[in-house]
1. Among the residues that make up segment 290-304, is at least one of them modelled with pLDDT of 95 or more and in a loop (DSSP other than H, G, I, E, B)?
2. Being free of Cβ contacts under 8 Å to residues at least 60 places away in the same chain and either open to solvent by 10 Å² or more (accessible area, probe 1.4 Å) or hydroxyl-bearing (S, T, Y) (or both) is the filter here, so list the residues in segment 151-181 that pass it.
3. Just to be sure I understand, how many residues within segment 134-150 are of a type in the set (S, T, N, Q), surrounded by 24 or more Cβ atoms within 10 Å (Cβ to Cβ) and not in a loop (DSSP other than H, G, I, E, B)?
4. If you take the residues in segment 110-124 that are modelled with pLDDT of 90 or more and assigned to a loop (DSSP other than H, G, I, E, B), which one is farthest from T156 (Cα to Cα)?
5. I'm trying to understand the selection: among the residues of segment 212-233, which are in contact (Cβ under 8 Å) with a residue 60 or more places away in the chain and surrounded by fewer than 16 Cβ atoms within 10 Å (Cβ to Cβ)?
6. If the Cβ limit is 7 Å and pairs must be 6+ apart or interchain, which residue in segment 261-278 that is in contact (Cβ under 8 Å) with a residue 12 or more places away in the chain and within 14 Å of L122 (Cβ to Cβ) pairs with which residue that is part of a helix (DSSP H, G or I) and among the small types (G, A, S)?
7. Looking at segment 262-281, which of its residues are outside any loop (DSSP other than H, G, I, E, B) and open to solvent by less than 80 Å² (accessible area, probe 1.4 Å)?
8. Sort out which residues of segment 239-249 are at pLDDT below 95, open to solvent by less than 30 Å² (accessible area, probe 1.4 Å) and either part of a loop (DSSP other than H, G, I, E, B) or over 30 Å from G140 (Cα atoms) (or both), and write them in order of number.
Amino acid sequence: MLSVISVGLPLLVAILAGEGVKATSCNVTSPCPLSAPCCSEYGFCGKGHFCLGGCNPFSSRSLDSCKPAPVCKDAEYVFSDNSRILSNATYFEGDATEYDWVLDQGKIFNTNSTGGELALTLTEKNGGTKISSTRYVHYGTITARLKTSRWNGVITAFITMSDIKDEIDWEFAGSATTEGQSNYFWQGFIPEKHNGGVHGELSDTYSNYHDFTIDWQPDTLSWAIDGKVVRTIKRSDTIDPATGIVRYPTTPSRIQLSIWPAGIPGSAAGTVEWAGGMIDWNHPDYKDAGQFYILVKSVSVKCSNLPSLVSSSNSTAANITSYVYTGNGTNGTPALAYTNRSTDLNGVGRGMNLLGVEGGKWQLAVLGLTGLFVTASQVVLGL
């Protein structure tokens, strides 16, 4: 079971070259320059949409280079049509009330049957399809009702991904349609012993809808299938005894759904084996339809309640619209704040009231924060 983090470097270089832009990579030891202050989810500096979903604040020019992340809202997302999905993520301006999802790459369509189903497609040329939620979740319960692929080498993924690469996964290899695989990662760290689990005895996941749930709470993380919990881990079990670092997902995350090709030339041998072998682009299903696909019926989100401190705070502090990072925190857990700062690219906020948490202790703070007006476009890379 693998992290879905990967970068399409040739495509990135080609796009940036076409725009006359120098591709500057970024990481925590080499942050972005003032001219391109935001480090994108793919590890390259830019502005505009680079500063939205996936922008890593610790690899950017400063913590407030990335725009605040839209706060979680309870929702039941259904796909009777695609009107709430922005078909090009580079057009997103940060207002999560306008769209629920953005299309990062690939092609989607709606079956318009039994109330509508969202289809995500994979072709030999498109490299797969991924959509991301416009809102973030900072603990909560997320359930996706979906049908997976059934083809060797083709992966279905339902995950949460934070801007600093905390990740929680449900993944499905097309060669194994009676099981699902659970996994989690802390800040992109790949452990020597993987954190994955395999959960079988399902009715065919290509032919039948199943509800796959991620129940992510501050102290426990559970995975469930059709309402039955199949795995639980405790935050306390993820503490590194040698360092005290807590290797547990703790940062606000977007929901992502994707179909992607693992069984292709260039993939590591272990990846191809995990995925069930190489993709057969001559498979009758592909020849008939011109694509492989997965179907998503619905996604439900139940946000975890904020501490009672919120309700007892003044109305400005309680009017939470976004999440921001405020520092490195302790024991590997970054410091976060709940704020009323704008999530829009042209939003400006200064001296906003913040309701923050660090190390489990809630506190009120007032930070002098300045919005950044930027207009450049973001490139979209492979999964």
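1. Yes, segment 290-304 has at least one match.
2. Start the filter on segment 151-181 by keeping residues that are free of Cβ contacts under 8 Å to residues at least 60 places away in the same chain, which leaves 170, 172, 177-180.
Within segment 151-181, T177, T178, E179 qualify.
3. If we filter segment 134-150 for residues that are of a type in the set (S, T, N, Q), which is where we start, we get 134, 141, 143, 148-149.
Narrowing the set further to residues that are surrounded by 24 or more Cβ atoms within 10 Å (Cβ to Cβ) leaves 134, 148-149.
Remaining after also requiring not in a loop (DSSP other than H, G, I, E, B): 134.
Residues that pass the stated criteria total 1.
4. Selected residue: T111.
5. Scanning segment 212-233 gives Q217, P218.
6. Going by the 7 Å Cβ cut-off, the qualifying pairs are A262/A275; G263/A275.
7. Going through segment 262-281, the residues outside any loop (DSSP other than H, G, I, E, B) turn out to be 269-275.
The answer is G270, T271, V272, W274, A275.
8. G244
The values are calculated or read from the model by the stated rules, or taken from the named source; none is laboratory data. Keep in mind it's a predicted model, so treat the numbers as computed, not measured. Virtual Cβ from ideal backbone geometry, glycine too; neighbours counted across all protein chains shown. Note: areas computed on protein heavy atoms with side chains; ligands, DNA, RNA excluded. Shrake-Rupley method; radii C 1.70, N 1.55, O 1.52, S 1.80 Å.
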